[in-house]
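The values are calculated or read from the model by the stated rules, or taken from the named source; none is laboratory data. Since the structure is predicted, the reported quantities are computational estimates derived from the model, not experimental observations. Using ideal geometry, Cβ is built from the backbone for each residue, glycine included, and neighbour counts are taken over all protein chains shown. Accessible surface is based on the protein model in full, side chains and every heavy atom, while ligands, DNA and RNA are left aside. Shrake-Rupley method; radii C 1.70, N 1.55, O 1.52, S 1.80 Å.
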Amino acid sequence: MKNYDVTGMSCAACAARIEKAVGKVEGVESCAVNLLTNSMSVEGVASEKDVIRAVKAAGYGAKPKKADGGISGDGEVKKLAKRLAASVSVLLVLMYFSMGHMMFGFPVPPIFENHIFLGFFEAAAALAVMIINGKFFTSGVRALFSGAPNMDTLVATGSAAAFIYSAAELVLMIIASNNGDAEAVMKYAMNLYFESAAMIPTLITVGKLLEAVSKGRTTSAIKGLMKLAPATATVLKDGAETVVKASDLAVGDVIIVRQGESLAADGVITEGEAAVNESALTGESVPADKAAGDDVFTATIVMSGYIKVRVVKTGGDTMLSQIIKTVSEASSTKAPMARTADKVAAVFVPVVMALAALTFAGWLIAGKDAAFAVARAISVLVISCPCALGLATPVAVMVASGVGAKNGILYKTAAAMEALGRVENVALDKTGTVTEGSPKVTDIIAYGSDENGLLRLAASLESKSEHPLAKAITEKGKGLELKESKDFKAFTGNGLFALIEDALTVGGNRLFVEKYADIPKDALKKAEALSEEGKTPLFFARGGHFEG
């Protein structure tokens, strides 16, 4: 699958037109355009030049998406915000002198009492707003003449119709004034709709700004995934450590990762042991114990230990990059329901334009004047925008894939996501993916003393460890008076020991603790039963005696 950035789209009709044009290119098996992310995914053997040529022929722009290309929307939001601010500034002045003065008697300079001067002022202000929002008109007219009218065509037609009709009324005002017909001048003055011509593109720009902000929010999950990887890494060269940019790492480099640091590339451990938190990739909340020869991945965090890693994959080849690619492609694919919506949107604009024409003709036939008919036709054009229809399903897909990614759930296609909505029962073979993400103490079985005594001993021993299981024990032991531990040492994947009140105290898995104390058979049976419940038994001993 090849991915492209597409420019010039304004509604679902645009996306449908591009899909249709690219679909006709020889060698293209399928094409999916995402209006939300302004992207296109193409499957097949067609060359990039042919695909881009087809998009340009349809009246839009396209370029191959960069391998590390992120999702941006901040620039679009800023442009629209500036455009809206300029539009509103002019529109407020226009509304003050037209609606404010004419309807509510707001004070104005004497010259504005002249209806013809006021008409020319309104025309100039409306024209200024239309020029500020010229993109609607250039895009709409181009789409109309290319035989594929879009939402911009509706906006341009509605605004232009109000302006042209008002301009015609202004000409009639001048003629009536020259004839000394004051009554006719007043009548024509009441039929000016210059404020509507300016209001239409301004209100649509508000919608465009909200849409752009929505895009930014719904793509934040993918941006969050991109930020998981560290910006720098510590490389070992000729026995010296050097901090370099993660993007400068090459296959074969040896990097050093200490406790609390995250990996900047995929690789293989060459030296050392560590407990690595891989929850960002696997969903498992308990760190994986790693040693020499084990694979480690970008953005995973070393919770304890020290390792040297030989880089195997960098940049777009890492597992994290593949996850980002999977999430991005899922948002670019179309769910069956989205394809249905696109088919409707593709014919929506011409149907609306036809209905607007029928509305205009119908009111004229019914005996209403042209001003009344024009106002109703413009209402049909402006209100009947297919944007909500075209954006609803892409936004739903993007939000669902983004929320899923944050929780470790990845969708490969939007069709799979839609199918999941109809699922009633789910079977999972991993416990980590359905937990809260942090272990908690559930059972305390004491042998050497009471439960509080065992908990105090365990918390005193684990207090110096960064392991999630250790943190769960110290959290449970909050409020207890802990004992000082000396000569603390942790053994990755096994356990730890320390001197507490001059007695060697150990904790960890069964095989580790059995080296220091005999574990009763009934304790082993209870531990086995707890394991079958999905729990992790930790054994503790002190001074050669099993504690619980």
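Brief remarks follow.
- For the residues Leu480, Leu461, Leu454, Leu469, the requirement of being assigned to a loop (DSSP other than H, G, I, E, B) and of a type in the set (A, V, I, L, M) singles out Leu480.
- Exclusive hit being at pLDDT 90 or above, among the aromatic types (Phe, Trp, Tyr) and more than 22 Å from Gly207 (Cβ to Cβ), set Phe121, Phe112, Phe97: Phe121
- Picking from residues in segment 304-316 that are under 15 Å from Leu263 (Cβ atoms) and at pLDDT below 85, the one that is most open to solvent (accessible area, probe 1.4 Å) is Gly315.
- Of the numbered criteria (1) outside any loop (DSSP other than H, G, I, E, B); (2) open to solvent by 50 Å² or more (accessible area, probe 1.4 Å); (3) at pLDDT below 90, the one Leu228 fails is (1).
- Any hit, segment 281-294, residues being hydrophobic (A, V, I, L, M, F, W, C) and open to solvent by less than 20 Å² (accessible area, probe 1.4 Å): no
- Number of the condition not met by Ala12 [criteria: (1) open to solvent by 30 Å² or more (accessible area, probe 1.4 Å); (2) at pLDDT below 85]: (1)
- Looking across segment 35-51, the residues that are of a type in the set (S, T, N, Q), at pLDDT below 90 and part of a loop (DSSP other than H, G, I, E, B) come down to Thr37, Asn38.
- Counting the residues of segment 521-533 that are open to solvent by 50 Å² or more (accessible area, probe 1.4 Å) and either small (Gly, Ala, Ser) or within 15 Å of Val286 (Cβ to Cβ) (or both) gives 1.
- A search for C-beta distances below 9 Å between a residue of segment 501-518 that is free of Cβ contacts under 8 Å to residues at least 60 places away in the same chain and open to solvent by less than 70 Å² (accessible area, probe 1.4 Å) and any residue that is hydroxyl-bearing (Ser, Thr, Tyr) and assigned to a strand (DSSP E or B), counting only pairs 6+ apart in sequence or on different chains, returns Thr505/Ser485.
The rows are residues; the columns are (1) part of a loop (DSSP other than H, G, I, E, B); (2) out of contact with any strand residue (DSSP E or B) (no Cβ under 7 Å at 6 or more places or on another chain); (3) more than 18 Å from Met337 (Cα to Cα).
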{"residue": "Ile18", "(1), (2), (3)": "no, no, yes"}
{"residue": "Ala21", "(1), (2), (3)": "no, yes, yes"}
{"residue": "Glu26", "(1), (2), (3)": "yes, yes, yes"}
{"residue": "Val33", "(1), (2), (3)": "no, no, no"}
{"residue": "Arg53", "(1), (2), (3)": "no, yes, yes"}
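- Residues located in segment 235-276, provided they are of a type in the set (D, E, K, R) and closer than 23 Å to Gln322 by Cβ: Lys245, Asp248, Asp253, Glu261, Asp266
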